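A.B. asks: Mind having a look at this structure? Questions to follow.
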Amino acid sequence: MSIHREIAVNGLWKQNAILAQMLGLCPLLAVSTNVVNAVSLGLATILVMALANLAISSLRAFIPYEIRIPVFILIIAALVTVVDLAFNAWLHDLYLVLGIFIPLIVTNCIVLARVEAYAAKNPVGASTWDGVMMGVGFVWVIGLLGALREVVGSGTLFAGIEMIVPGAQAWQILPEDYPGFLVAILPPGAFFVLALLIAGRNWLDARANERARQRLRQTAAQAAA
Amino acid sequence: MLNNSPFLRKPASVRSVMLRVLAALLPGIALYAWYFGGAVFVQLAVATVAGLAAEAAMLALRRKPVWLFVSDGSALVTAWLVALTVPSIAPWWLTVLGVLIAIVVAKHLYGGLGQNPFNPAMVAFCTLIVAYPQLMSQWPQAGFTDFASQMTAIFGERSLDAIVMATPLDQMRTQLHTAEARATVSGIFGSHATFGNIGGKGWEIIAIGYLLGGLYLLQQRIITWHMPAAFLGTLAAISLAFSLGAPDRFAGPMFHLLTGGAMLGAFFIVTDPVSGTTTPKGKLIFAAGIALITWIIRVFGAYPDGIAFATLLMNLCAPLIDAWTQPPVFGHKHDDKGQA
């Protein structure tokens with residue numbers, strides 16, 4: 001497996017920031033009340049992660065080991081400030097909705113974890129790619145979580161899309177008289193749905209392992225015969 | 001005839017225990033139907049079907065013997081408790097949803113009978129009351145037993161003004177909380193059609209029905225005295241203390257014991273053998289804790305009855321309480337703390 005492919009598989013599935021490492025749960029749980037909020041914050045996070053990994057990987061020879069964490073945080077904070085101002089300028093309505101969670105990307109442990117674990121030790125290209133793929137891994141999970149909570153909780157999908165695409169409409173998935181399921185939108189619902197997603201991932205992995213073992217047994221039997 | 005030792009006794013099977021628990025619920029259910037109409041039977045039927053279907057489906061998915069475990073009746077007890085804790089005129093899907101939450105999520109996802117750390121029926125009640133606070137507080141009016149309009153409420157369009165009312169617990173709390181009302185406990189008791197003699201019209205009688213069922217369970221040794229006694233005793237003691245101190249602000253012990261789900265809780269919910277404590281001393285602490293939290297939620301909280309939330313909170317503490325209260329092994333002296 002080429003290095004780039006391995007990085008992609010790790011980010012999207014094997015070492016997925018949420019489902020495997022369970023990092024950055026605070027924004028994940030707080031913002032995933034609907035798809036639009038979730039994916040917007042996710043995209044901002046990808047941007048920060050790619051740029052942070054790029055910047056720190058290129059500077060890694062110049063950052064003294066003993067004070068690397070404060071330096072990392074300063075660089076990340078500068079990048080987040082850029083993203084924060086950009087949201088404020090171009091997606092102001094969304095900026096008001098996401099509020100504190102954009103600046104809080106600084107404290108998202110996924111960002112610092114990838115910088116410390118990967119970008120500080122690896123070449124620039126691979127590091128940037130790692131930031132992107134870890135970010136994409138974060139986005140698909142937070143997006144799925146947001147979609148599930150939104151459909152179950154209020155029966156819609158893409159509520160608030162007009163903040164990004166003017167004139168677009170939210171999509172009514174379930175019948176108009178769906179009574180809603182408030183728990184899904186409240187904080188406990190975030191934990192329930194996340195737990196189900198992690199259980200689903202473990203189940204898929206267990207099944208894949210079982211199949212691999214069976215294949216191995218079959219090939220061994222064939223070789224013996 | 002006298003028997004010689006050894007006096008071996010076969011432990012009761014899960015099935016016979018569950019059947020006797022269901023039987024013990026019957027007096028309460030009968031009085032429920034007498035005062036609030038036949039809707040409760042419909043809810044029980046809906047819950048039974050949903051409960052058995054969910055149990056069978058989950059057992060099949062988990063590749064367990066379906067008939068063996070469905071026929072033990074434990075799913076039925078859970079389903080009935082869910083049906084008795086939702087308002088009897090709630091729409092049918094609310095009951096189905098509650099039963100599914102109890103059986104699928106709270107029971108089987110945690111590992112099935114004997115493994116669940118939380119009381120399944122109470123998990124369902126809490127989820128429902130957080131998700132649908134309005135539907136969960138529309139209780140039928142005592143004495144208004146028109147079956148046809150109750151059926152419309154359950155299966156059809158809901159236009160409920162005539163038959164719905166808040167529970168006595170709800171009224172007591174909202175009226176005491178509204179500052180401008182300057183209501184007093186005795187004033188509320190005197191002025192309202194909801195309030196019967198003690199715990200609310202109809203409610204107090206149902207509570208006595210559950211009490212009778214509970215005494216039957218005690219007599220059958222399905223439950224021990226510890227939990228009901230500690231629960232009811234603590235609830236009575238704390239409400240007595242506060243109502244003696246400020247009789248206008250706090251309702252007395254008789255009200256708290258005979259209203260809401262206190263009796264159902266004391267004998268059928270708190271005593272759940274799976275999610276509760278097991279040591280004698282632990283049972284006392286566990287049930288007293290539930291009573292204390294229940295009283296606090298009832299008097300100061302925002303939800304109509306606190307037993308469900310209190311039970312879940314104490315379920316969380318149950319393993320710790322059990323670890324603290326291990327009785328000494330027979331034949332060993334109760335050592336001083338700190339010595340092995």
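A.B. asks: Take residue B:254 and decide whether it is touching a Lys or Arg at 6+ places or on another chain (Cβ under 6 Å), not assigned by TED's automatic domain parsing to the domain that holds residue B:78 and not in a loop (DSSP other than H, G, I, E, B).
C.D. replies: In short, no.
A.B. asks: Could you count how many residues in region B:71-102 are within 14 Å of chain A (Cβ to nearest Cβ) and either touching a strand residue (DSSP E or B) at 6+ places or on another chain (Cβ under 8 Å) or without any contact (Cβ under 8 Å) to a residue 12 or more places away in the chain (or both)?
C.D. replies: 1
A.B. asks: Sticking with this structure for a sec: What are the residues in region B:276-311 that are in contact with an Asp or Glu (Cβ under 7 Å, 6 or more places away or on another chain) and over 14 Å from residue B:169 (Cβ atoms), if any?
C.D. replies: Of everything in region B:276-311, those that are in contact with an Asp or Glu (Cβ under 7 Å, 6 or more places away or on another chain) and over 14 Å from residue B:169 (Cβ atoms) turn out to be B:277, B:278, B:279, B:282.
A.B. asks: May I pose another question? Report yes if residue B:265 is under 16 Å from residue B:121 (Cβ atoms), out of contact with any Lys or Arg (no Cβ under 7 Å at 6 or more places or on another chain), surrounded by 20 or more Cβ atoms within 10 Å (Cβ to Cβ) and without any contact (Cβ under 8 Å) to a residue 60 or more places away in the chain, otherwise no.
C.D. replies: When the stated conditions are applied, residue B:265 passes them.
A.B. asks: Only one of these conditions is not met by residue B:195: (1) at pLDDT 70 or above; (2) outside any helix (DSSP H, G or I); (3) away from chain A (no Cβ under 14 Å); (4) buried (at least 18 other Cβ atoms within 10 Å of the Cβ). Which number is it?
C.D. replies: The failed condition is (1).
A.B. asks: Which ones in region B:103-138 are under 21 Å from residue B:57 (Cα atoms), over 16 Å from the mean Cα position of the chain (by Cα) and within 13 Å of chain A (Cβ to nearest Cβ)?
C.D. replies: Result: B:104, B:105, B:108, B:109, B:110, B:111.
A.B. asks: I've got another one for you. Hey, among the residues in region A:158-178 that are surrounded by 15 or more Cβ atoms within 10 Å (Cβ to Cβ) and of a type in the set (Gly, Ala, Ser), which one's nearest to the other protein chains (Cβ to nearest Cβ)?
C.D. replies: A:159
A.B. asks: Among the candidates A:30, A:86, A:78, A:61, single out the residue that is in contact (Cβ under 8 Å) with a residue 12 or more places away in the chain and not β-branched (Val, Ile, Thr).
C.D. replies: Result of the check over A:30, A:86, A:78, A:61: A:30.
A.B. asks: So which residues in region B:247-298 are over 25 Å from residue B:24 (Cα atoms) and out of contact with any helix residue (DSSP H, G or I) (no Cβ under 7 Å at 6 or more places or on another chain)?
C.D. replies: Correct list: B:281, B:296.
A.B. asks: Of the residues in region A:179-216, how many are within 11 Å of another protein chain (Cβ to nearest Cβ), surrounded by 13 or more Cβ atoms within 10 Å (Cβ to Cβ) and within 21 Å of residue A:32 (Cβ to Cβ)?
C.D. replies: Here the count works out to 11.
A.B. asks: When you go through A:120, A:113, A:126 one by one, which is the residue that is surrounded by fewer than 24 Cβ atoms within 10 Å (Cβ to Cβ), closer than 30 Å to residue A:186 by Cα and either of a type in the set (Gly, Ala, Ser) or modelled with pLDDT of 90 or more (or both)?
C.D. replies: A:113
A.B. asks: Right, something else. Could you check region B:1-100 for helices (runs of 4 or more DSSP H) lying wholly inside it with 2 or more residues that are assigned by TED's automatic domain parsing to the domain that holds residue B:142 and closer than 20 Å to residue B:216 by Cβ?
C.D. replies: It comes to B:14-36, B:39-61, B:74-85.
The values are calculated or read from the model by the stated rules, or taken from the named source; none is laboratory data. Predicted, not measured: the structure shown is a model, and the values here were computed from it. With ideal geometry, Cβ positions are generated from the backbone for all residues, glycine too; neighbour counts draw on all protein chains shown.
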